[in-house]
Amino acid sequence: MAELTRGVRLGVDVGQVRVGVSRSDPDGILATPLVTLARDLTAAPDAVPSDLAELAALVAEHEAVAVVVGLPVNLAGKHGPAAVHVKAYADRLVDVIAPVPVTLTDERMSTVVASRRLAERGVRGKRQRAVVDQAAAVEILQSWLDAQRRRT
């Protein structure tokens, strides 16, 4: 397989209330937290929700070559209601940021792992809720980057 093309990638953890965003370095080695966006659930059906518009702006600002969205597959490996919701979000994102590709990746347990790591560092309660989405986005992007490296 060809080597991973150079460029920043954004990782996205889509939640019902917030969207966590992380970014990689241009060499695709390390994912770091970027921002948490509030979901815009009030946009008209034909309008671009503000969180998708903000994501598009981040793609442009960081000159991202790809966006990796965590797909919440349940422990049995099935796609439940949350996965259907995330797929719909990713489909809208594809339209907003084209031609930048959007990749879905299994994010099973990313929020659990992120919460545990934050708690181990003494980040709890409201402080944790404020950053857990970014931390989950880091877990999603980092595991995807690691998987890409293992393939080469």
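The values are calculated or read from the model by the stated rules, or taken from the named source; none is laboratory data. Computed from a predicted structure; not experimentally measured. Here the Cβ is made from the backbone with ideal geometry for all residues, glycine too, and neighbour counts use every protein chain on show. The accessibility values were calculated without ligands, DNA or RNA, using every heavy atom of the protein model including side chains. Shrake-Rupley method; radii C 1.70, N 1.55, O 1.52, S 1.80 Å.
Within the group A56, A90, which residue is open to solvent by 20 Å² or more (accessible area, probe 1.4 Å), within 29 Å of L4 (Cα to Cα), outside any strand (DSSP E or B) and modelled with pLDDT of 90 or more? Sole residue among the options that is open to solvent by 20 Å² or more (accessible area, probe 1.4 Å), within 29 Å of L4 (Cα to Cα), outside any strand (DSSP E or B) and modelled with pLDDT of 90 or more: A56.
If the condition is being part of a strand (DSSP E or B) and either in contact with a Cys (Cβ under 8 Å, 6 or more places away or on another chain) or β-branched (V, I, T) (or both), then the range 11-53 contributes V12, V14, V19, V21, T32, V35, T36. Restricted to the range 29-46, and to residues there that are more than 15 Å from the chain's Cα centre (by Cα) and open to solvent by less than 40 Å² (accessible area, probe 1.4 Å), the residue that is modelled with the lowest pLDDT is A43. When V35, V48 are checked against the criterion of being farther than 19 Å from Q148 by Cβ and free of Cβ contacts under 8 Å to residues at least 60 places away in the same chain, V48 stands alone in meeting it.
For the range 9-28, what are the residues that are small (G, A, S) and either loosely packed, with under 15 Cβ neighbours inside 10 Å or at negative phi (or both)?
Here is the first cut: in the range 9-28, the ones small (G, A, S) are 11, 15, 20, 22, 24, 28.
G11, G15, G20, S22, S24 - these are the residues of the range 9-28 that are small (G, A, S) and either loosely packed, with under 15 Cβ neighbours inside 10 Å or at negative phi (or both).
Just so you know, in the range 59-82 the residues that are in a strand (DSSP E or B) and either under 16 Å from the mean Cα position of the chain (by Cα) or among the polar types (S, T, N, Q) (or both) include one that is modelled with the lowest pLDDT, and it is V73.
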